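In what follows, a structure is listed as structure tokens, so that the remarks can point back to it.
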Amino acid sequence: MPASIIEQTEVLLGLGLCDDWRFEEALRDRSGCSVVCFDHTVNTKFWVKLFASNTLNIAKGTRSWGSLLRYLEYRRFFSSRDKIHRRQMIGYHGLGGVTLEDLRAEYGDRRVFFKIDIEGWEYRVISDLPRWGDNLVGLAIEFHDVDLHRERISEFIELMKPTHPLVHLHANNIGGLDPSGDPLAIEATFVRADLIGDVEDTPKYPIAGLDFPNGAMADPPLTFG
């Protein structure tokens, strides 16, 4: 994501958490923004299952002993009023969750960056994103089941283009391919137009030092540039 986003972001809204908040931590460290994450699946049962899974993977040599400390790291990060994990589902009221319109009522007067990875539910909320206007400084989103939703993704990109153009796109390499060899999951970054600056010709992907495989054993550095 462009470095210009850092000084603009007042609140990072993370939709989808699981056991990885490296992005939230990195943006928080660089910008001082508040962090509010939403994931109803990260609960006691989740941590028990993760501990058991990591223990087995340590025996197989595919995880380090440090993975057993993940829960303590979670508690350390989400330990203050401006770093919050809300165990709520993003989507519809009827399922005990909150909508993007609910979040706009809470945070719509602040400059917000969205990180969205909600396993297919993105298609239920993306139509609400343009309503955030200039207070939406940018978003990073993973689109799932691309083969089924290609037209909706294209429509969303065109809808956002005048105010929040697409600035980066890459495949999730562990998400699989359709029969045509196209990825089933893609990750996209959109940025408010006035924060982009000069636009260079589109480079050939992958960009060295920027694009990394999702399934790499070693975590790649997070890049703001």
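The values are calculated or read from the model by the stated rules, or taken from the named source; none is laboratory data. Not measured: the values here are computed from a predicted model. We place every Cβ from the backbone using ideal geometry, glycine too, and count neighbours over all the protein chains shown.
Here are the numbers for this structure:
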read-out: Positions within the range 146-188 being in contact (Cβ under 8 Å) with a residue 40 or more places away in the chain and among the charged types (D, E, K, R), in sequence order; value: E187
read-out: Among residues of the range 31-86, those that are of a type in the set (D, E, K, R), over 26 Å from T99 (Cα atoms) and part of a loop (DSSP other than H, G, I, E, B), counted; value: 1
read-out: Evaluation of G91 against (1) of a type outside the set (D, E); (2) within 20 Å of W132 (Cα to Cα); (3) modelled with pLDDT of 95 or more (one fails), failing number; value: (3)
read-out: Output for the range 151-190, where each listed residue is among the acidic types (D, E) and either closer than 13 Å to N214 by Cα or buried (at least 16 other Cβ atoms within 10 Å of the Cβ) (or both); value: E187
read-out: Subset tally (residues that are of a type in the set (A, V, I, L, M, F, W, C) and in contact with a Lys or Arg (Cβ under 6 Å, 6 or more places away or on another chain)) for the range 85-123; value: 0
read-out: Conditions (1) touching a Leu at 6+ places or on another chain (Cβ under 7 Å); (2) surrounded by fewer than 14 Cβ atoms within 10 Å (Cβ to Cβ); number of the one not met by L103; value: (2)
read-out: Unique residue being modelled with pLDDT under 95, within 26 Å of A26 (Cα to Cα) and within 21 Å of the chain's Cα centre (by Cα) when the list is R63, R75, R86, R70; value: R70
read-out: Residue within the range 129-138 that is under 17 Å from L17 (Cβ atoms), buried (at least 20 other Cβ atoms within 10 Å of the Cβ) and in contact (Cβ under 8 Å) with a residue 40 or more places away in the chain present; value: no
read-out: Filtered residues of the range 112-121 (kept if outside any loop (DSSP other than H, G, I, E, B) and among the aliphatic types (A, V, I, L, M)); value: V112, I116
read-out: Among residues of the range 166-211, those that are assigned to a loop (DSSP other than H, G, I, E, B) and at pLDDT 95 or above, counted; value: 3
read-out: Out of T44, T9, sole residue that is within 26 Å of D134 (Cα to Cα) and of a type in the set (S, T, Y); value: T9
read-out: In the range 1-20, the residues that are in a loop (DSSP other than H, G, I, E, B), modelled with pLDDT under 95 and surrounded by 21 or more Cβ atoms within 10 Å (Cβ to Cβ); value: M1
read-out: Test for D109: is it surrounded by fewer than 17 Cβ atoms within 10 Å (Cβ to Cβ) and part of a loop (DSSP other than H, G, I, E, B); value: yes
read-out: Residue in the range 144-160 that is within 23 Å of E10 (Cβ to Cβ) and touching a Ser or Thr at 6+ places or on another chain (Cβ under 9 Å) present; value: no
read-out: Condition met for I58 (over 27 Å from L166 (Cβ atoms), modelled with pLDDT of 95 or more and either surrounded by fewer than 18 Cβ atoms within 10 Å (Cβ to Cβ) or among the basic types (K, R) (or both)); value: no
